[in-house]
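Okay, structure first, notes after.
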Amino acid sequence: MLSFRKKIFITEIILVATLISVLFPLSKIVVNHIMRRSLISRADLRIKMLEKATDTEQMMEIMKTRGEFIYVPVSLLDDEGKVLYHSYLPFNSDNVLQTDQSSEPEVQEAIKFGTGFGKHLSPFFIRNEFYFIAKSFTVNNQKYILHMNYHANEIDNLAFDFELGILIFTVLTLLITSVLHMVIIQFIMRPVQQIIDAIRPYKEGKDELLPRIILDESMQSGEFSKLASTFNSLTDRIQKQIEYLTRQREETEEILESIGEGIIAADPSAKVTFANRTACRMLGVSPELVMGKTLDSVKLSAEGLSKKCHDLIVHALQTSEPAVHTWIVREKAPLYLDLISAPLAHRDGALLVFQDKTSDYRIVELGKDFVANASHELRTPITIIRGFAETLQDLPDISPEMLHEIIEKIVRTCIRLDKLVRSLLTLADIENLSEDRFRPINLIPLLENCVHTLNAVNPSAVVHINSDEENVPIIADADLFELAIMNILENAVKYSQEPARIDISIEVTNQEVYLRMRDHGIGISEKDLPHVFERFYTVDKARSRKSGGTGLGLSIVKIILEKHRGKVIVTSELGKGSTFTFVLPKSVPK
């Protein structure tokens, strides 16, 4: 692409060439016009001399004696174009008398119009070309024609000199104007070049920000200073807009990265333009592996998943309608994914959302297991009671000792059944617990009350509370939190050899409270640890059944801690005991 200077220079050359092409023909016309006026003027001077003569002989005498006629070839013709006299030939010579110039074009024009011009070879001079003028005049009512000629070389040299002068003048004008234009353009382009040089690093990608334009001191005023100021103002506005859009995009990406669903965005060609970490984790790939590609070209560990995701995106792009599909990934543990595709506005692409429904399906499975376990746990005592009732019905003469034993077992089974039902009702109540029941309480008195209650039921149990704190504030439902502590303490006694020993410690940090309860009982095996908080799960079923356990105590503890925005952690070692740790948020006094 041509620069501004080159464009100006080429334009000047074109203008000069156009000017020369016009001036050269025009110069010929001007020279021809000047030549004709000069010839007419000279002819008029000679005609004035001839008009003083009274007859033809006197005219010829004037032409013989006057220098104006002697040194210029002149002919005197009659009104029909016949030569009466020629200054370069003797008078009354046969050549003169026999010469007829009526056929010359300039003579014909003079006969018709009074004046005529022509350029041709002279009839009197061989190989010489002349310019001719023929002009008619009248003397004593007799019409004559004065025929004069001039060497063509003189006129042609004049025309050539004139054209050469025009050419030299034009070239000099071009040079002078070019130099002036270059100086002016240089002066004009200097601040423009400074602006271009300032912006070039940003254009070439070397700078990430648009630079400010600072002109030289000599250009701090004037239109270019205003232009630079306008550029700087636009740069500031553009930079603010870029920062705003960048910040908005970062916020949007942070939001998309923080939500629990996986999100993949695709352009109209189904190529991935964005994928958050959740989506990549669900697919088992890195973001770099899917960016800029179609999902069907990405190899995933789950066979067929990439093809299904691509088909859903294509469906949304082609139909502009959302689509939903459930995909089950069966690896170590089943993963249930709801794949939802939807078109973006203005047909700019499509969105694919991954929703992990595993917890929902797990809740359904837990519900099924709960119903099955509850049915089983309820069926067992009911079967026992029914069996003993049928025994009493079939054996009316049973001995008092056997009757007492059967009734004792029925009562014990009913107590266990009642405890199971109350535990189930407790779980239901905790699930629907309102936060209005939470109040600021001191953990130390609550813990001491639980120890007194435990000692009232199990006098042999030895409980030590190790804490330097006199006031440990927490936000809790006192009754429920006491129930959680009692469940842990009762289990510690139940699964320990007499006398049971329990160590309780409290640790308070800036944000949390740690309540640790450690027993020295039989402990929990490593394979049982992940399941101890599941409903109806018992480590030692025979011991639990003997002690009247329902398998719901630790489930109740976990739910109570979750309702208090805390958690319970268990560590254990077989034969050495278990440690249950309650982690609670600390209450900040107002």
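Could you give the length gained on full extension between Ala389 and Ala17, defined as 0.36 nm per residue of separation minus the Cα-Cα distance, in nm?
120.9 nm
Glu288 to Asp197: FRET efficiency via 1/(1 + (r/R0)^6), r the Cβ-Cβ distance, R0 35 Å, to the nearest 0.05?
It comes out at approximately 0.40.
Need one number: nm distance between label points at Thr177 and Ala342, each 7 Å from Cα along Cα→Cβ, rounded to one decimal.
Simple spin-label model gives 6.9 nm for this pair.
Can you give me the accessible area per residue for the stretch 9-50, using a 1.4 Å probe, in Å²?
For the stretch 9-50, the per-residue accessible area is 63 Å².
Enter the accessible area per residue of the stretch 443-543 (Å², integer; probe 1.4 Å; all protein chains in place).
Per residue, the stretch 443-543 has 53 Å² of solvent-accessible surface.
Given a Förster distance of 25 angstrom, what is the FRET efficiency for Lys143 paired with His120, based on the Cβ-Cβ distance and rounded to 0.05?
With R0 = 25 Å, the Cβ-Cβ based efficiency is 0.60.
Which distance in nm do the two modelled labels at Glu573 and Arg237 give, with both placed 7 Å along the Cα-to-Cβ direction?
Taking the simple label geometry, Glu573 and Arg237 are separated by 7.3 nm.
For the stretch 17-87, run through the chymotrypsin sites (Phe, Trp or Tyr not before Pro) and keep only the ones in DSSP coil with at most 10 other Cβ atoms within 10 Å of their Cβ.
Qualifying residues, ordered by number: Tyr71.
Where only protein heavy atoms count, and the probe is 1.4 Å, what is the accessible area per residue for the stretch 245-303 in Å²?
60 Å²
The values are calculated or read from the model by the stated rules, or taken from the named source; none is laboratory data. All of these numbers come straight from a predicted model, not from anything done at the bench. Glycine gets a Cβ as well: all are built from the backbone with ideal geometry, and neighbour counts include every protein chain shown. All accessible areas refer to the heavy atoms of the entire protein, side chains included, with ligands and DNA or RNA removed. Shrake-Rupley method; radii C 1.70, N 1.55, O 1.52, S 1.80 Å.
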